[in-house]
1. Say whether the condition of being under 24 Å from A:TYR225 (Cβ atoms), in contact (Cβ under 8 Å) with a residue 12 or more places away in the chain and surrounded by fewer than 15 Cβ atoms within 10 Å (Cβ to Cβ) is met by at least one residue in segment A:83-101.
2. Is it the case that some residue within segment B:260-269 is within 26 Å of the chain's Cα centre (by Cα), surrounded by 15 or more Cβ atoms within 10 Å (Cβ to Cβ), within 17 Å of B:GLU228 (Cβ to Cβ) and modelled with pLDDT under 90?
3. Is it true that some residue in segment B:56-73 is of a type in the set (A, V, I, L, M, F, W, C), over 29 Å from B:GLU109 (Cβ atoms) and away from every other protein chain (no Cβ under 14 Å)?
4. Which members of segment B:122-171 meet the condition of being within 18 Å of B:ASP193 (Cβ to Cβ) and among the charged types (D, E, K, R)?
5. Can you tell me which residue among A:ASN182, A:ASN148 is part of a helix (DSSP H, G or I) and among the polar types (S, T, N, Q)?
6. Can you pull out every residue in segment A:131-153 that is within 24 Å of A:THR227 (Cβ to Cβ) and among the small types (Gly, Ala, Ser)?
7. Here are A:ASN134, A:ASN125: which of them is part of a helix (DSSP H, G or I), of a type outside the set (Lys, Arg) and exposed (fewer than 15 other Cβ atoms within 10 Å of the Cβ)?
8. Among the candidates B:GLU159, B:GLU151, single out the residue that is of a type in the set (Asp, Glu), in contact with a strand residue (DSSP E or B) (Cβ under 6 Å, 6 or more places away or on another chain), surrounded by fewer than 22 Cβ atoms within 10 Å (Cβ to Cβ) and within 14 Å of chain A (Cβ to nearest Cβ).
Amino acid sequence: MSVEAREARQPWILLAPALSAVTLLLFVPLVFIVVYSFWLRSATGADLPGFHLDNWREALTDRFYRDILISTLRIAAITTLVCALMGYPAAYFIARSRGNKMILLLLLMLPFWISYIIRTMSWINILGVSGALNTLLLGIGVISEPLNMLYNEATVILGLVHFLLPFMVLNVFVSLDGIDTNLEDAANSLGATRWQAFLQVTLPLSLPGLAAGGLLCFVLGAGTYITPLVLGGPRDAMFANLVFEAIITQLNWPLGSALSLMLLVVLGVLVMIYNRYLGMAQLMKGLG
Amino acid sequence: MSSVVLDNIVKRFGSFTAVHPTSLEIPEGTFLTLLGPSGCGKTTNLRMIAGLLDPTEGEILIGGRRVNDVPIHKRNLGIVFQNYALFPHKSVADNVAFGLKYRDVPKSEIAGRVQAALDLVQLPDVGGRYPRELSGGQQQRIALARAIVIEPDVLLLDEPLSALDANLREDMRVELKRIQDKIGVTTVFVTHDQSEALAMSDRIVVMSAGRVEQVGTPEEVYNRPASEFVANFLGASNILESRCTDTGRDAVQLDVPVFGAVPVPVDKAPEVRPGPAKLVLRAEKLLLLAEDAEAPGMVTAPAVVETVDYQGQTVRYFIRAGDRQLQAINMIDGHPFAKGTQVTAAFRPRDCAGLPGA
């Protein structure tokens, strides 16, 4: 075998494990879901193979699905915004601290060692009717009746922020950590105050990290079903809950497939628009 | 343009003292170099003048005004960093214009001043490009343009040439000096490279371990080193233990083993008193001659060539004279001496300097 042929083969050998995993675990199941979405559910339980548009018609025309899709996107957007506002200062603090960066990052990763479900459920013990916060407020006499703080949209957002904040902090941290601190010093020496230097230099240079963190938070937030299940009320279902409901509860695989594909397409389109207009490529160019 | 005065400044980081009490006066328009090995406190001094670090003790005056409590953005300084520190997301013109936006410069004037600065650094056509599209040397020129366009009171240069490769560094050295001469701004230059310091400075401050070893013109620190450290740091020197036998009006008599009596001019050995002393002999002042050569007016000793380090134009020898190994850097006339050759090592007493002994 010639050297060229060997060199041409090498990348494929290295890629083979990842490519087979993606094909078997992602691409093949996705094809199954697409095929399934055109089948019909029969009353007897066995699904009818074929090419039927019924599921898609229901998913696309029923107002119920549309409203929940919109509220899902809204909740994800608010969560992302809150994560950005809370995460940026934290990431800045970690990136600019001397010496103990590793410990701070480790602390940031610490919650991942506890199951996401457990972390979500912990809010019930804090915000519940007999939870820590109510007990405290009753104890010091601020309120006489326990407050109903759980099972609404706000607690869903709270739970999502709790879950997604580390992703935002890590992404922003990575981009801030890569910015030469001399740049801020240079801006200061040229007459910019610390705040002006931040706005003119550090913030624009950290936008790629902020954008990446934002995208991750938004997509993960829009696809979640555990948080609204545990912390939301009956009216706070998000779109993934509908998929869960259709497939697990009603055993309606064809409809569930159509709904999940709908969410996939909507998020895919949003990601593409995001990429196009936030111009991440443009920002990367500036970073050289 | 302003003078800079450091009045007994000290910088401590925890229990570590980076700069021991240091006083310096930098007259208006001077090109002053802080020279020393890494960790000697030269950059710490520069950063204190810049306002990037606060002195633990002492006062810093710029143009007669105490600036200890003046934040960096109000000090009106131009700083050029070792890694250029250009803003990667801004065009070259925006980089240069950055400082003007924070001064009361009318918008209509900004473009003209930016262009004038780019002309001064001889890169008139790159305003529309981004820093990453320029070579290292060009980026360094832009960093300089950005620092001087604001007409700073003091220009601070933090090892601005050390990231460049050797040839470019020498070009930039000449260029930097030309620009500094032209605008006449008081300049503090930090470097560990003795040839940069000697070539560019009006005055050199040699530092070691947080202390000033010597302040003087390049010729003074080179020819009349005030300490063994300075003698060794600026060029290669042979330090020979000797004994002062007599201090005359014109010369100090040093008795050097193997070589014998050496009358060192008194202005090059001002501190030497009768007793133990050291003779500083620059490697390029130690001449190797054929074994039987005459050397009128020179002090000589027989020696053997031990190592030959050929460098094209010059050659560096390590020779043994008696029990001492000495270094000699000579121009090559014909062929260099081969290893093992018996030679005569010779030098003129007036090329030497004397330091007090231990």
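The values are calculated or read from the model by the stated rules, or taken from the named source; none is laboratory data. For clarity, every value in this text was computed on a predicted model and none was experimentally measured. Glycine also receives a Cβ, built like all others from the backbone with ideal geometry; neighbour counts cover every protein chain displayed.
1. Yes.
2. yes
3. Yes; the residues of segment B:56-73 include at least one that is of a type in the set (A, V, I, L, M, F, W, C), over 29 Å from B:GLU109 (Cβ atoms) and away from every other protein chain (no Cβ under 14 Å).
4. B:ASP158, B:GLU159, B:ASP165, B:ARG169, B:GLU170, B:ASP171 - these are the residues of segment B:122-171 that are within 18 Å of B:ASP193 (Cβ to Cβ) and among the charged types (D, E, K, R).
5. None of the others qualify; the one that does is A:ASN182.
6. Those that are within 24 Å of A:THR227 (Cβ to Cβ) and among the small types (Gly, Ala, Ser): A:GLY131, A:ALA132.
7. After ruling out the rest, the residue left standing is A:ASN125.
8. B:GLU159
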